[in-house]
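The values are calculated or read from the model by the stated rules, or taken from the named source; none is laboratory data. This structure is a prediction, so every number in the text was calculated from the model and none was measured. Every residue, glycine among them, receives a Cβ derived from its backbone with ideal geometry; neighbour counts consider all protein chains shown. Ligands, DNA and RNA are stripped out before the accessible areas are found, and what is left, the full protein with its side chains, is counted by its heavy atoms. Shrake-Rupley method; radii C 1.70, N 1.55, O 1.52, S 1.80 Å.
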Amino acid sequence: MSVNKLFCLLLSLFGITGCPDRDDLFIQTELQHRSDVFTISVNSRSQYVESYKTIHYVDFTLDQPSLVTVGYHGNIDTYKISPLSRNIQGKAEQNSISFKIDKPGYYVVEVNDTEMLAILANSAESEEEPPVEKRLNILDYVPDNRGDELYTARIQQAINDVSGSGKILYFPPGVYRTGTLVIGSNTEIYLGKGAVLKGSENRDDYPADENRPEADHLNNKENYTDNGEFMTFSRLLLIDNARNVRLYGRGIIDGSGNIVRAQGKPANLIRMRRSKNIVVENLILRDPAAWNTHIQYCENVTIRNVKILNDPEVANTDGIDPDASVNVLVEHCFAFCSDDNIAIKTTNNLNLNRDLENITVKDCVFLTRKSALKVGTETKAQNMRNILFENNDILLCDRGLVLYNNDGSHFDNIRFVNNRFEKNYPDNQRKAIHFQIRERHGRGMITNVLIKDCKFYTRFPNGSEIKGLDDDACIDGILFENLTIEGSPILSPTDGNIRISEESVKNVTFN
């Protein structure tokens, strides 16, 4: 019997009901901050709600259709349950909302147009832990799991030992503080529920590749840039020249990003580089100092059921950035970002550059202050092709469908299929669709773009824009099929308030 069940049984013997979920049993008081805005119960069972930056979230397992009751700290004047595509009907009282959810997934309750609660309902399969006989326990390497000390060398030794052993490095509940870790081939790492791999709060614990200068806005202002070729050469977790790596579990990887970035260090949370057959599943990835997950010069990468929570006040905090990579699948993920949710690019960081192809992003729920589904801005490879965004719900964004070709690449066969956009974030562009070619390091082109079965629930204030450079650096071939805005079919540029450059855009069709 688990500790959780035993504890609940003891409570019941004394007549105490409503036993808390495991979230409440393993709260790490140093890192966790209980929400004073929201409460939630699922089938009358209370769940712990975390207050994280400007959002609140609850992370639990849903194994059956359930009644959810969300409590709010004040009167509820208006509310919305997203994704709207799920058509979830709620019942509001003075300070609570009740509704049913029938399956695992990601839901967001917004109250009075100000406060948001993200409901991260995981499948029962995500709770399955590795067999005891296959575990290599991290507690055999570190003396405690309170998070008081930095154990980079000890954790690195455990990773080295598990690599190629057939074992799984297991992190039980607790806090494990570390600087940069390097993960080699044939490595599996499992973070249990309540386990937090916590990035150091000291910039010196994130060494840069080859001691290269990074975009340090404090100590090296003349070198500051948001160009991914030069912006960062450091990260918390590095998977480099590796094969067959799996990171998974119900734990958290936390980059201490707001503290580290305030010291001028733009470290990624995870960077995969020159690697193949990589899987990241089920984890919460939060608070990077720059891009959350950078997939550079890799093949066969799967990011599945991952929850990304970035600090909206920290610059350059993209969600997932496939870069010069081939065969990447991002599936059923949640991302709350300050910068782009997905930015597919070719940066030439560390002079690693090649054609990018076969990238799929599907079945995700995204919120961002910038671009939601984006190709660009760095586009330094010759070709970037076969990219699919399918069946994603975008709850908040400044720009929805985005193609930025700035560096001379050829975009080909880009498909946006069955994506839904709910609300515009009031940033500097406020465009539903923004396709453009610029001449920064070359003259590119964009061909064969499909926008099919996409829906915008509201009109974005500044309309949309599609613009190339000229007849040679042009956008050629855009097919709109069943695009709707505010429920109306868009059958012409005028219908959709789409500004199209006649000099540099060819063969645009509306069906």
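With the requirement that a residue be closer than 18 Å to Met272 by Cβ and assigned to a loop (DSSP other than H, G, I, E, B), what does the stretch 283-298 give you?
Scanning the stretch 283-298 gives Leu283, Pro288, Ala289, Ala290, Trp291, Asn292, Tyr297, Cys298.
Out of Ile252, Ile270, report the one residue that is surrounded by 24 or more Cβ atoms within 10 Å (Cβ to Cβ), farther than 16 Å from Pro207 by Cα, touching a residue at least 24 places away in the same chain (Cβ under 8 Å) and among the β-branched types (Val, Ile, Thr).
Ile252
Taking the criterion of being polar (S, T, N, Q), closer than 20 Å to Lys198 by Cβ and at pLDDT 95 or above, would at least one residue in the stretch 39-51 satisfy it?
Checked the stretch 39-51: at least one residue is polar (S, T, N, Q), closer than 20 Å to Lys198 by Cβ and at pLDDT 95 or above.
Would you say Lys221 is free of Cβ contacts under 8 Å to residues at least 40 places away in the same chain, charged (D, E, K, R) and under 18 Å from Arg261 (Cβ atoms)? Before you say what the answer is, go through the steps one by one.
Details: free of Cβ contacts under 8 Å to residues at least 40 places away in the same chain: yes; charged (D, E, K, R): yes; under 18 Å from Arg261 (Cβ atoms): yes.
In short, yes.
Return the residues of the stretch 334-373 that are of a type in the set (Asp, Glu), surrounded by fewer than 24 Cβ atoms within 10 Å (Cβ to Cβ) and not in a strand (DSSP E or B); say none if nothing qualifies.
Across the stretch 334-373, the qualifying residues are Asp339, Asp355, Asp363.
Would a scan of the stretch 353-373 turn up a residue that is under 24 Å from Ala208 (Cα atoms) and either modelled with pLDDT of 95 or more or touching a Lys or Arg at 6+ places or on another chain (Cβ under 7 Å) (or both)?
The initial filter retains those residues of the stretch 353-373 that are under 24 Å from Ala208 (Cα atoms), namely 353-354.
Still in the running and either modelled with pLDDT of 95 or more or touching a Lys or Arg at 6+ places or on another chain (Cβ under 7 Å) (or both): 353-354.
Yes, the stretch 353-373 has at least one match.
From the list Val260, Val301, Val279, exactly one residue is open to solvent by less than 10 Å² (accessible area, probe 1.4 Å), in a strand (DSSP E or B) and of a type outside the set (S, T, N, Q). Which is it? Even if it seems obvious, please write down each step before you answer.
Details: Val260 fails: in a strand (DSSP E or B); Val279 fails: open to solvent by less than 10 Å² (accessible area, probe 1.4 Å).
So the residue among Val260, Val301, Val279 that is open to solvent by less than 10 Å² (accessible area, probe 1.4 Å), in a strand (DSSP E or B) and of a type outside the set (S, T, N, Q) is Val301.
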